[in-house]
Amino acid sequence: MLEIRHLTAYRYRKPVRFGEHRVMVRPRESHDQHVISHDLVIEPGPSRLRYVQDVFGNSVGIVDFDQPAEELRFDSRVVLEHRPAAPQMDGEEKISLSDATFPFAYAAEDMPDLLRSIERHYADPERRVEAFSRRFLRWNGATSIAALLAEMTGAIHQEFKYAKRFDGRIQTPAETLALGTGTCRDYAVLLMEAARGLGLAARFVSGYVYSPAQDGPKARLGGGHTHAWAQVYLPSCGWVEYDPTNGIIGNRDLVRVAVARDPQQATPLSGFWDGDANDFIDMTVSVDLRDLSATSIAA
């Protein structure tokens, strides 16, 4: 059982008026995670808050305001039942996720729904991403899709330098390869495009990572803020999680909030405000995850 608090605050030099905001902080319901409770406190109080499901089935809060303020706060608190369902890459016993090998093709009935997730989204003029993905193919026999994705996830985790960056655009996969560094979002997009280049369907996931340790070798990167990783659709397995930032396969320590074909479709919080350009002071984000079952055992 996990407790998640996600607090986002915007500060302004004088009261400004707020337009519509879209909030994606409620975890997705699934067989491996279930929301026990979710409370969202917004200050100033909204004139209206309603929830809708987007085209991917994500829960989106639509918020309207009718009063100006110098600070805008979104305080989300979730209690979640989380049931990890797949192995990791960090020394635990592994099981085969899929026996599919290259070359392969998805079932004809699945292709209409997977096609847009197979399409490449970024230009690769120097074929850097293609070269990266093909380095994991076996030339002396069949290549296991599950093994290839595991190796690709591990390579990004081990060979690239993680760097925090809370604003600005996401790097293109070619930029991440050239720089050798990136954020969790950059890593997720690189893995997605590399998988898509091999004909695999991939999508972006926004959510949270639980880190049992705050530092040391068992600490998870990306804690304290929203996190991002990728899902790849495997024959007979469905959508499988791959977190190249931490080298995780499966949903251990990962809480899904939103899935989408493109990162812009899974932004945790977006909206607009009306005021002078220099009225904005700053934005702060904090995410705290606690294992309630561990707390109760310790008590």
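The values are calculated or read from the model by the stated rules, or taken from the named source; none is laboratory data. For clarity, every value in this text was computed on a predicted model and none was experimentally measured. Glycine also receives a Cβ, built like all others from the backbone with ideal geometry; neighbour counts cover every protein chain displayed.
Applying the condition of being charged (D, E, K, R) and assigned to a strand (DSSP E or B) to the stretch 258-292 and asking which residue is nearest to the chain's Cα centre (by Cα) yields ASP288. The condition (being touching a Phe, Trp or Tyr at 6+ places or on another chain (Cβ under 7 Å), among the hydrophobic types (A, V, I, L, M, F, W, C) and touching a residue at least 40 places away in the same chain (Cβ under 8 Å)) is satisfied by just one residue among VAL23, VAL63, VAL35: VAL23.
Comparison of LEU72, LEU115, LEU97 shows that the only residue that is within 18 Å of TRP239 (Cα to Cα) and at pLDDT 95 or above is LEU115.
The residue that is farthest from TYR187 (Cα to Cα), among those in the stretch 218-239 that are surrounded by 17 or more Cβ atoms within 10 Å (Cβ to Cβ) and either of a type in the set (S, T, N, Q) or within 10 Å of the chain's Cα centre (by Cα) (or both), is THR226. Please tell me if ARG83 is at pLDDT below 95, in contact with a strand residue (DSSP E or B) (Cβ under 8 Å, 6 or more places away or on another chain) and farther than 22 Å from GLU193 by Cα. Judged against the criteria, ARG83 is a match.
Scoring GLY247 on the criteria (1) in contact with a Ser or Thr (Cβ under 9 Å, 6 or more places away or on another chain); (2) more than 17 Å from THR153 (Cα to Cα) leaves a single failure, condition (2). Scanning the stretch 50-62 for residues that are of a type in the set (A, V, I, L, M, F, W, C), surrounded by fewer than 15 Cβ atoms within 10 Å (Cβ to Cβ) and in a strand (DSSP E or B) returns a single hit, VAL52. Filtering the stretch 18-32 for residues that are assigned to a loop (DSSP other than H, G, I, E, B) and closer than 25 Å to ASN278 by Cβ leaves an empty set. Scanning the stretch 153-187 for residues that are surrounded by 15 or more Cβ atoms within 10 Å (Cβ to Cβ) and of a type in the set (Phe, Trp, Tyr), we see that the one that is nearest to VAL205 (Cα to Cα) is TYR187. Taken together, the criteria exclude ALA228 from residues that are farther than 26 Å from VAL41 by Cβ and either in contact with a Lys or Arg (Cβ under 8 Å, 6 or more places away or on another chain) or among the acidic types (Asp, Glu) (or both).
The set of residues in the stretch 269-283 that are out of contact with any Lys or Arg (no Cβ under 8 Å at 6 or more places or on another chain) and either of a type in the set (Ser, Thr, Tyr) or outside the structural domain of ARG22 (by TED's automatic domain parsing) (or both) is empty.
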